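Written out below as structure tokens is the structure these notes cover.
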Amino acid sequence: MEISPETLEWKEAYKLLVGSILPRPIAFVSTIDANGIPNAAPFSFFTAICADPMLICFSPMRKGTDGAKKDTLVNIESTGQFVINIVSESMAAQMNDCAIEFASSVDEIEEVNLTKEQSIKVKVPRIKESLVHLECERYQVLHFGDKPGAGSLVIGKVIHVHVNDELYDKGRIDTSKLQPIGRMAGNTFTNPLAKTFDMIRK
């Protein structure tokens, strides 16, 4: 099958991307708006960029209905701060509930019965149930279109890291205790530890 992207509707192109690039880690992003109302939403276009400076990035797509910016992006542009809450299997259902398009006035963290915890260097609350938190300041935001299917690239500089004591051993995180999950296509998620194998990098 040979496919030219310019011949596809955006939803078809999206299905090709999410069906090919997987499993994808999930950035469970907490923010606050200009009035201090918390927001939390998951994004599976997420990865690290570099270690010095310590930069991460995620990509919020525009709303599929009208191309409007999602609350997470609006909040980051307004306040310049956010927290990446790493998702463990134990909190997967609540994370998934935060993908619902709530009104901007709704505090999703409270709505899905998660717990807000004060961050150290940003005003944005972190989510207590997460075992790793990356407190971030906005480093750069790039926009790619303004219609449904378009998106932005949010680059954050990590200025503080919280790691649950039970996970941390000699500078490393114990993945078996973190139990991270990944996003597949459609409604499918994966536990990356279900089956793993090692290879020595040459």
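The values are calculated or read from the model by the stated rules, or taken from the named source; none is laboratory data. Keep in mind that what you see is a predicted model, and the values were worked out from it rather than measured. Using ideal geometry, Cβ is built from the backbone for each residue, glycine included, and neighbour counts are taken over all protein chains shown. SASA here: full protein model, heavy atoms, side chains in, ligands and nucleic acids out. Shrake-Rupley method; radii C 1.70, N 1.55, O 1.52, S 1.80 Å.
Full extension from Phe144 to Lys11: what is 0.36 nm times the residue separation minus their Cα-Cα distance, to one decimal in nm?
Fully extending the segment from Phe144 to Lys11 adds 46.3 nm.
Placing unit charges on the Cβ atoms only, positive for Lys and Arg and negative for Asp and Glu, gives the chain a dipole magnitude near 540 debye about its Cα centre.
Each of Glu2 and Leu22 was given a label point 7 Å from its Cα along the Cα-to-Cβ line. The distance between the two points is 2.7 nm. Rounded to the nearest 20, the Cβ-based charge dipole of segment 31-111 about its Cα centre (Lys and Arg +1, Asp and Glu -1) stands at 340 debye.
What shape does segment 91-202 take by its C-alpha gyration tensor, where a ≥ b ≥ c are the square roots of the eigenvalues and a/c under 1.5 counts as rounded, a/b above b/c as prolate, and the rest as oblate? In terms of gyration-tensor shape, rounded. From the residues Asn187, Ile100, Ala48, which one has its Cα farthest along the dipole of the chain in the positive direction, the dipole being from +1 and -1 charges on Cβ of Lys/Arg and Asp/Glu about the Cα centre? In the chain, that residue is Ala48.
Taking 8 Å as the Cα distance limit and 6 or more residues as the minimum spacing, I'd like the relative contact order of segment 79-202 as a percentage.
With pairs under 8 Å counted, the relative contact order is 23 percent.
Full extension of the chain between Leu193 and Thr47 gives 50.7 nm of extra length, using 0.36 nm per residue less the Cα-Cα distance.
Work through the residues other than Ile100 whose Cβ is under 11 Å from its Cβ and net out their charges, Lys, Arg +1 and Asp, Glu -1.
Combined, the nearby Lys, Arg, Asp and Glu give -4.
Using a probe of 1.4 angstrom and keeping all protein chains present, the accessible surface of the chain works out to 60 square angstrom per residue. Over segment 34-119, the pair-distance histogram of Cα-Cα distances with 5 Å bins from zero comes to 3, 11, 22, 26, 22, 11, 4, 1 percent, rounded to whole numbers.
For a Förster distance of 25 Å, can you work out the FRET efficiency between the beta-carbons of Gln118 and Ala34, rounded to the nearest 0.05? If you can, show how the numbers build up before the last one.
Details: r = 19 Å, r/R0 = 0.77.
Between Gln118 and Ala34 the formula returns 0.85.
The modelled label-to-label distance between Met54 and Ala99, using points 7 Å beyond Cα along the C-beta direction, is 2.9 nm. Legend: residue pairs Lys15/Lys69; Lys63/Lys157; Lys11/Lys69; Lys70/Lys157, Cα-Cα distance threshold 19 Å; pairs beyond threshold, Lys15/Lys69; Lys63/Lys157; Lys70/Lys157. Projecting the alpha carbon convex hull of segment 1-50 along each direction and taking the average yields 6.0 nm².
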